[in-house]
1. For the stretch 114-189, what is the relative contact order in percent, using Cα pairs closer than 8 Å and at least 6 residues apart in sequence?
2. Treating the beta-carbon of each Lys and Arg as +1 and of each Asp and Glu as -1, no other charges, what is the dipole magnitude of the stretch 210-333 about its Cα centre, to the nearest 20 debye?
3. I need to check one value: relative contact order of the chain, counting alpha carbon pairs closer than 8 Å and at least 6 residues apart, in percent.
4. Which loop chymotrypsin sites (Phe, Trp or Tyr not before Pro) in the stretch 232-334, with loop taken from DSSP, have no more than 14 other Cβ atoms within 10 angstrom of their Cβ?
5. How long is the gain from Asn201 to Val130 if the chain were fully straight, where each residue apart is worth 0.36 nm and the alpha carbon distance is subtracted?
6. Measure off 7 Å from each Cα along the Cα-to-Cβ vector at Lys235 and Asn47, then give the distance between these two points in nanometres to one decimal.
7. Quick one: work out Rg over Rh on the C-alpha atoms of the stretch 210-333, Rh as Kirkwood radius.
8. What is the spin-label model distance, in nm, from Thr147 to Glu331 if the labels are put 7 Å beyond Cα along the C-beta direction?
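Readers should treat all values here as calculations from the given coordinates under stated rules, not as data from a laboratory. For clarity, every value in this text was computed on a predicted model and none was experimentally measured. So basically every Cβ, Gly included, is an ideal-geometry build from the backbone, and we count neighbours across all protein chains shown.
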Amino acid sequence: MIINRNILTLDEFTIQQMRMFPNATGELSTLLRDIGLAAKRINVEVNKAGLVDILGDAGSVNVQGEDVKKLDVFANNQFIGVLKHGISCAGIGSEEMDDFVVFDDDISNKSKYVVLFDPLDGSSNIDVNVSIGTIFGVYRRVSKIGTPCTQEDFLQPGINQIAAGYIIYGSSTMLVYATRRGVNGFTLDPSIGEFSLSHPNIKCPEKGKYYSVNHGNFFQFPENVRKYINACQSKTEKEGGPYNQRYIGSMVADLHRNLIKGGIFMYPSTFDNPNGKLRLLYEASPFAFIIEVAGGKATNGTERILNIKPNNLHERTPLFIGSKQMMEELETYL
Ligand code: AHM
Ligand code: MG
């Protein structure tokens, strides 16, 4: 078998990146490797979801009041496990946990980072073989190294993220992550069990053909959002339209497509949910970071997502995110 040595694995890539910084400690590379390991374990379970008794509800309701699926629980435990046993993470916040978790042991207290994640996003799609994902954001702690991490480490604005990324469990499994230096995508090569660099230096096209929104909520949206949606539908061919509507119901899948092909994704406020549905810390902020590094934009309608200072772990926010020119047009409506 001929092995293509031009393709870098995730570990090789992060080590190469680290070498560009003479003072780097390697903690971020280690953290990303840990996240990659959790992703591979989750991937195995996602792929055999139809075969074993892992489908369906775990029988409890999470802090958001939603039914917890068994795979959510599995994914959450995998993430906590690798991050707790690794050397780079002082604590975590998760969609599936009421409060943030301080690891508080000798090694973790010396770690630089905290991680916020949604272990399995798009959970309504688990039972029906539609792409789902994991989302994560990494922050450098503001509390003193050597002590247990604190709430302030988790409640930082998204602009402070050191790295953010997602894993999509789709027709293939990919890990995409961004640092300020760029966005890179790695596809899991099942033959060697490694994430391999397949999408170097991803840039989000400045405009695209897709708009993604839950049309079922149309009459619940603010009027300016409804006007924008109408504009998407009534664009002439000359104006690049009409846009195609694509909405999977897994934001990882919707945003992955829009990142690669260009497009706009919206989860606006509704009459019933004035703050929208999506969570700022582990859904909106990581994607806002990724999309901005790739050249796009993300707002809550009035404010850049990355500037919002969170007040609590499970805070929700309306979200408008995507290609630069499409976002600029949307902003004229908002
Ligand atoms: P989840 O974290 O419970 O899976 O919810 C988040 C998901 C997003 O992936 C998706 O964009 C959205 O919820 C879909 O919500 P809706 O069904 O209201 O359109
Ligand atoms: Mg989610």
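1. Relative contact order of the stretch 114-189: 25 percent.
2. 160 debye
3. Dividing the mean separation by the residue count of the chain yields 15 percent.
4. Passing sites in the stretch 232-334 are Phe271.
5. 22.9 nm
6. Placing both labels 7 Å beyond Cα along the Cβ direction yields 3.7 nm.
7. 0.94
8. The two pseudo-label positions are separated by 3.9 nm.
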